[in-house]
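Asks: This is the structure I want to talk about, given as structure tokens.
Read-outs throughout are calculated quantities, based only on the coordinates presented, and are distinct from any laboratory measurement. Treat the numbers as computed from the prediction; the structure is a model and nothing was measured. With ideal geometry, Cβ positions are generated from the backbone for all residues, glycine too; neighbour counts draw on all protein chains shown.
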Amino acid sequence: MKAMVMKEWNGPYVEEDRPLPKVGPLDVLIRVKACGIGYTLTNLRAGRLGGSVPRVIGHEIGGVVEDIGPLVTTCKPGDRVCVSFYLTCGHCKWCVNGRETLCENFGGYVGAAIDGGFAEYAKIPERNVIPIPEGIGFAEAGVTTDAVATNWHVFKERCKTRPNDRVLVVGAGGGVGIHTIQVAKVFGAHVIGADVADEKLELAKEYGADEVINVSGKEMSKEVMKLTEDRGVDAVVDMVSTKHTLEQGIRSLGVSGTLVLVGVAQNVPSLEFEVGRLIFDELVLTGCRCATRQEIRESLELVRKGDVKPVVMNTFPLEEINEVQELIDKMALSGRTSIVYD
């Protein structure tokens, strides 16, 4: 099979001809039909998510079951499936309590600890394989496992968003941000989108933002307070997660507001904010670790019903993965991007 292999951290993908992976008792061999590529892989390629090299990366997989191990009972050859990113044990207190991404025996990530989807076939543990409902394409399903399901977890569990809550999405026009807006609208929220380019804000409005702010050269929190008559917002979801955006996000919160960090905060050792507000305004500062397998299933149902649309705006063949990765690193692509296979 053809595989694009990362042989060193931050190195290029190198094409190799590899034998088909042999399935173990609880493994599923997937013929990959599409694999999303996003900014998470920029962090993975730098070694920030652990794992080892050489490695076939890529976790937003949509494909068809080719073969199964003798103990696999939940799928069969020919089934259309996608994949959960986190390798978890299934029996620790976090797994059994519905918070498996906090697994005490966490085994790493698909595409980091084990080979992923930038190859014609991928061997994935049965536990990580999820059926794709009819009517959803392979690329759309792969993107849903990340960009939609993460946001479903944000609003369902981290923010506990209710109808008419005011939500600020920082990085609203990015590949995840436009899905954040859509999922927030499913919860009935009033959404303010913030970004630094007018074209990205137009995209944010197209996918449901009620109001937008171009924060280039502006103090975001002051702009938010103008829009909310100094009440602030009930939730800030930060896809950018720099020291500046996080501190501005905290200042944008109203009473009992929640800030959720989704983007990986690099080189942010500390934040400056009024600690007293944690008491007097009962603010919540938290993060989001992707989504559980059940939340992925729920997100796929949102897509099936048409409540959320995975925005796959760019597709490329596997052979162009190095050029695509460069564009992703520069954040030069709108919407989500997927590698598609013949």
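Asks: Compute the Cα gyration tensor for segment 202-342, then decide on rounded, prolate or oblate, letting a ≥ b ≥ c be the square roots of its eigenvalues: rounded whenever a/c is under 1.5, prolate when a/b is larger than b/c in the other cases, and oblate in all that remain.
Replies: Values: a/c = 1.89, a/b = 1.69, b/c = 1.12.
Prolate shape, in that a/c is at least 1.5 and a/b is the bigger ratio.
Asks: To the nearest 10 degrees, how steeply does helix 243-252 sit against the main Cα axis of the chain, on a 0 to 90 scale?
Replies: On a 0 to 90 degree scale, this one is about 50.
Asks: While we're here: Please report, to one decimal in angstroms, the Kirkwood hydrodynamic radius of the chain built from all distinct Cα-Cα pairs.
Replies: Averaging 1/r across every pair of different Cα atoms and inverting gives 20.4 Å.
Asks: For the cross-link pairs K2/K76; K7/K33; K156/K243; K160/K200; K2/K205, which exceed 32 Å when the distance is taken from alpha carbon to alpha carbon?
Replies: From K2/K76; K7/K33; K156/K243; K160/K200; K2/K205, over 32 Å: K2/K205.
Asks: Put +1 on the Cβ of each Lys and Arg and -1 on the Cβ of each Asp and Glu in the chain; which of G107, F273, V240 then has its Cα farthest toward the positive end of the dipole?
Replies: Farthest along the dipole direction, towards plus: G107.
Asks: Can I ask one more? Would you mind calculating the gained length between V284 and K22 on full extension (0.36 nm times residue separation, minus the Cα-Cα distance), in nm to one decimal?
Replies: Value of the extension gain: 89.7 nm.
Asks: Report, to the nearest 10°, how far helix 177-186 tilts away from the longest principal axis of the Cα atoms in the chain, using its own Cα long axis and a range of 0 to 90°.
Replies: Value to nearest ten degrees: 70.
Asks: So how strong a dipole does segment 43-174 carry about its Cα centre when Lys and Arg Cβ are +1 and Asp and Glu Cβ are -1, to the nearest 20 debye? Walk me through the intermediate numbers first.
Replies: On the way: 14 positive and 14 negative charges, 129 e Å.
Dipole magnitude for segment 43-174 comes out near 620 debye.
Asks: Which ³J(HN,Hα) values, rounded to whole Hz and listed in residue order, are derived for segment 46-55 from phi using the Karplus coefficients 6.51, -1.76 and 1.60 in 6.51 cos²θ - 1.76 cosθ + 1.60 with θ = phi - 60°, glycine and proline given as x?
Replies: Going residue by residue, I get 7, x, 6, 9, x, x, 8, 10, x, 8 Hz, with x marking Gly and Pro.
Asks: Counting other Cβ atoms within 10 Å, which GluC sites (Glu not before Pro) in segment 2-39 have at most 16 and lie in a DSSP loop?
Replies: E8
Asks: Report the trypsin sites (Lys or Arg not before Pro) located in segment 19-126 that are in a DSSP loop and have at most 12 other Cβ atoms inside 10 Å of their Cβ, or state none.
Replies: K22
Asks: Something else: Go through segment 127-189 and name the GluC sites (Glu not before Pro) that are in a DSSP coil and have 10 or fewer other Cβ atoms within 10 Å of their Cβ.
Replies: E134
Asks: Mind putting a number on the dipole of the chain about its Cα centre? Charges go on the C-beta only, +1 for Lys and Arg and -1 for Asp and Glu, and I need it in Debye to the nearest 20.
Replies: 720 debye
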